[in-house]
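The values are calculated or read from the model by the stated rules, or taken from the named source; none is laboratory data. The structure presented is a predicted model; accordingly, all values stated were derived computationally and were not measured. Cβ placement follows ideal geometry from the backbone for every residue including glycine, while neighbour counts extend to all protein chains displayed.
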Amino acid sequence: DAGVTQSPTHLIKTRGQHVTLRCSPISGHKSVSWYQQVLGQGPQFIFQYYEKEERGRGNFPDRFSARQFPNYSSELNVNALLLGDSALYLCASSLPTAEETQYFGPGTRLLVL
Amino acid sequence: KQEVTQIPAALSVPEGENLVLNCSFTDSAIYNLQWFRQDPGKGLTSLLLIQSSQREQTSGRLNASLDKSSGRSTLYIAASQPGDSATYLCASQAGTALIFGKGTTLSVSS
């Protein structure tokens, strides 16, 4: 079975641009979460979606938005990129109950110049 | 606000040594505590998940314990190998978000 997949693997943007990151969950998983990991830090929670509804939001500015599609895949959008948005963006999927393990994808490495 | 701390930040050991990684959290009202492994530049691999009602979980050479009353979890790695070299992250879950520590970077020399 395929794990969580993310695209693209790497990308380079300049300040002020917009970026869209994509995530496909494990088959059967209906919950998708997004995390940002800055170098040397642990991942920080951005969003969680379940059944296309936002179920949780971390402490990130409104420049960050996300959505979930009927096939449970998800997009993370970041507007007006700042240098500080350079990070590894991780997607995780899980079964909907709170006690379930979250399975992470390989991440998208974003560099903002 | 939940805070998760991992000590030490880095650890170097010779092959074959048994070792313990520590994780502490400030809010004991958690659903579960998870340990992950991260190789450089890669995503996270789930190692063990301990439910709030459990005391420990084991998988192969790994054993994780949870003491909610003291806000502590430990990851015990037996007979370490060079392939165990990676960053180990613990994360508590209460609600929708996982709250991560900064990780312990382990280096096992042959």
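Could you count how many residues in the stretch B:2-31 are of a type in the set (Gly, Ala, Ser) and more than 24 Å from B:LEU98 (Cα to Cα)? Give the derivation first.
Here is the first cut: in the stretch B:2-31, the ones of a type in the set (Gly, Ala, Ser) are B:9-10, B:12, B:16, B:24, B:28-29.
Next cut, more than 24 Å from B:LEU98 (Cα to Cα) only: B:12, B:16.
Residues flagged as of a type in the set (Gly, Ala, Ser) and more than 24 Å from B:LEU98 (Cα to Cα) within the stretch B:2-31 amount to 2.
Yes/no per residue for (1) hydrophobic (A, V, I, L, M, F, W, C); (2) free of Cβ contacts under 8 Å to residues at least 12 places away in the same chain; (3) surrounded by 17 or more Cβ atoms within 10 Å (Cβ to Cβ):
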residue	(1), (2), (3)
A:LYS13	no, no, no
A:GLY16	no, no, no
A:VAL19	yes, no, yes
A:ARG22	no, no, no
A:SER31	no, no, yes
A:VAL38	yes, no, no
A:GLN48	no, no, yes
A:LYS52	no, no, no
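Which one of these is farther than 21 Å from B:GLN34 by Cβ and assigned to a loop (DSSP other than H, G, I, E, B): A:PRO96, A:PRO70? Write out each step before concluding.
On the way: A:PRO96 fails: farther than 21 Å from B:GLN34 by Cβ.
Exactly one of A:PRO96, A:PRO70 is farther than 21 Å from B:GLN34 by Cβ and assigned to a loop (DSSP other than H, G, I, E, B), namely A:PRO70.
Just give me the residues in the stretch B:1-38 being of a type in the set (D, E, K, R) and modelled with pLDDT of 95 or more, in sequence order. Don't jump to the end; show me each part of the working.
Initial filter on the stretch B:1-38 (of a type in the set (D, E, K, R)): B:1, B:3, B:15, B:17, B:27, B:37.
Of everything in the stretch B:1-38, those that are of a type in the set (D, E, K, R) and modelled with pLDDT of 95 or more turn out to be B:GLU15, B:GLU17, B:ARG37.
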*Does the stretch A:47-64 contain any residue that is more than 11 Å from chain B (Cβ to nearest Cβ), part of a loop (DSSP other than H, G, I, E, B), in contact with a helix residue (DSSP H, G or I) (Cβ under 7 Å, 6 or more places away or on another chain) and more than 25 Å from B:ALA9 (Cα to Cα)?*
no
*Please tell me if B:SER12 is touching a residue at least 12 places away in the same chain (Cβ under 8 Å) and touching a Lys or Arg at 6+ places or on another chain (Cβ under 8 Å).*
no
*Out of B:LEU66, B:LEU106, B:LEU75, sole residue that is in contact with an Asp or Glu (Cβ under 8 Å, 6 or more places away or on another chain), more than 14 Å from every other protein chain (Cβ to nearest Cβ) and crowded, with 18+ Cβ neighbours inside 10 Å*: B:LEU106
